[in-house]
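The values are calculated or read from the model by the stated rules, or taken from the named source; none is laboratory data. The structure displayed is predicted, hence computed values, not measured ones. Cβ sites come from the backbone with ideal geometry, for glycine too, and all protein chains shown count toward neighbours. Please note that ligands, DNA and RNA were not included when accessible areas were found on the heavy atoms of the full protein model with its side chains. Shrake-Rupley method; radii C 1.70, N 1.55, O 1.52, S 1.80 Å.
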Amino acid sequence: MNYSMAAKRAEYARNAVMSASPARLLTMLYDRLLLDLTRAETAQQQADWAVASENLIHAQAIITELLGTLKTDVWDGAENLQAIYTYSFSTLVSANVGRNAKLTRECIDLLEPLRVAWHDAAAQLPAAQPAPGAGAVPAAAGARGAILGVG
């Protein structure tokens with residue numbers, strides 16, 4: 001792919017993220033989180049520790065964003081989701097430090113059903129509505145940065 005095509009693709013992705021609704025931002029975060037984890041697991045299996053670490057660190061940043069915007073006083077299920085995020089974050093740190101693909105796989109298996117559930121919930125909403133459990137919808141600026149891999 002030439003530079004011009006790569007630049008256009010990056011601009012398209014940036015525009016899609018910047019114009020996304022809160023529910024769409026949440027599903028995009030989960031998509032990127034699972035992409036990072038899959039890439040990390042593959043890199044770990046190939047002993048490509050730099051790529052694995054880069055993806056695990058980005059996955060941790062996404063989980064931090066999800067944790068930081070979770071409002072436990074707004075949604076009854078938020079405390080359980082908070083526990084899942086906290087466990088996943090800790091497990092990903094261990095997966096990175098210990099170079100352990102099994103721990104990365106454990107997080108994939110834990111978070112993939114949540115990704116599917118959020119996609120299903122978002123699909124049920126009219127475009128202007130927030131996702132169910134509004135306390136789970138990430139703040140726009142931080143979420144956009146986490147999806148794009150910046151800040």
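Table: residues versus (1) more than 15 Å from the chain's Cα centre (by Cα); (2) farther than 13 Å from LEU34 by Cβ; (3) among the acidic types (Asp, Glu).
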residue: THR64; (1), (2), (3): no, yes, no
residue: ASP76; (1), (2), (3): yes, yes, yes
residue: ALA83; (1), (2), (3): yes, yes, no
residue: ASN96; (1), (2), (3): yes, yes, no
residue: ASN100; (1), (2), (3): yes, yes, no
residue: CYS107; (1), (2), (3): no, no, no
residue: ARG115; (1), (2), (3): no, no, no
Quiz item: Which one of the conditions (1) within 27 Å of ALA47 (Cα to Cα); (2) in contact with a Leu (Cβ under 7 Å, 6 or more places away or on another chain); (3) open to solvent by 40 Å² or more (accessible area, probe 1.4 Å) does ILE62 fail to meet, given that it meets all the rest?
Solution: (3)
Quiz item: Considering only the stretch 14-57, how many residues are at pLDDT below 95 and more than 23 Å from LEU125 (Cβ to Cβ)?
Solution: 1
Quiz item: Is there any pair linking a residue in the stretch 28-51 that is farther than 12 Å from ASN100 by Cβ to one that is surrounded by fewer than 14 Cβ atoms within 10 Å (Cβ to Cβ) and of a type in the set (A, V, I, L, M), with Cβ under 9 Å and at least six apart or on different chains, and which?
Solution: MET28/ALA16; TYR30/VAL116; ALA43/ALA50
Practice problem: Name the helices (runs of 4 or more DSSP H) wholly inside the stretch 61-151 in which the number of residues that are modelled with pLDDT of 85 or more and more than 27 Å from ALA50 (Cβ to Cβ) is 3 or more. | Solution: 78-97, 101-123
